[in-house]
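Structure first, commentary second.
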Amino acid sequence: MKLTTIFAALLLIAFHPLTALEVKDWKSENEPVIPDDVRVERDVAYLPEERKEKADLYFPTTEPIGGKFAIVLLMHGGGFNDGDKARGREVQLAVELAKHGYACMSINHKL
């Protein structure tokens, strides 16, 4: 494939409008909305008792195929000096994964 064809395809992908996803304000201070088809368990301990880091678990409300969910682990970004599992971007990603049939564990980690 020619380099110009590859470059044109990348431009098309980069500037194509997002129609399948609802674009949200990731930096909004408002509490993200959790839809009825997603179950959330907040601040679940996943480390020894003395550690303060917790996890939020997101599940679809539908029965998993074969009785088991595929699981996605989310670790917030922030360069190991900032970030939180409960920020809008992380919550929205976990909700979208759960709506598509995945269980999701979004964790806080030591900064």
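The values are calculated or read from the model by the stated rules, or taken from the named source; none is laboratory data. Bear in mind that the values here come from a model prediction, so they are computed numbers and not experimental data. Here the Cβ positions follow ideal geometry from the backbone for every residue, glycine too, while neighbour counts run over all protein chains shown. Accessible surface areas use protein heavy atoms only, side chains included; no ligands, DNA or RNA. Shrake-Rupley method; radii C 1.70, N 1.55, O 1.52, S 1.80 Å.
A few remarks follow.
- Counting residues in the range 86-99 that are more than 14 Å from the chain's Cα centre (by Cα), assigned to a loop (DSSP other than H, G, I, E, B) and modelled with pLDDT under 90 gives zero.
- When residues of the range 81-102 are limited to those that are of a type in the set (Asp, Glu) and within 19 Å of residue 43 (Cβ to Cβ), the one least open to solvent (accessible area, probe 1.4 Å): 90
- For the range 33-74, the set of residues classified as of a type outside the set (Asp, Glu), within 11 Å of residue 108 (Cα to Cα) and touching a helix residue (DSSP H, G or I) at 6+ places or on another chain (Cβ under 9 Å) consists of 74 only.
- When the range 56-85 is filtered for residues that are part of a loop (DSSP other than H, G, I, E, B) and within 10 Å of the chain's Cα centre (by Cα), the ones remaining, listed by number, are 76, 85.
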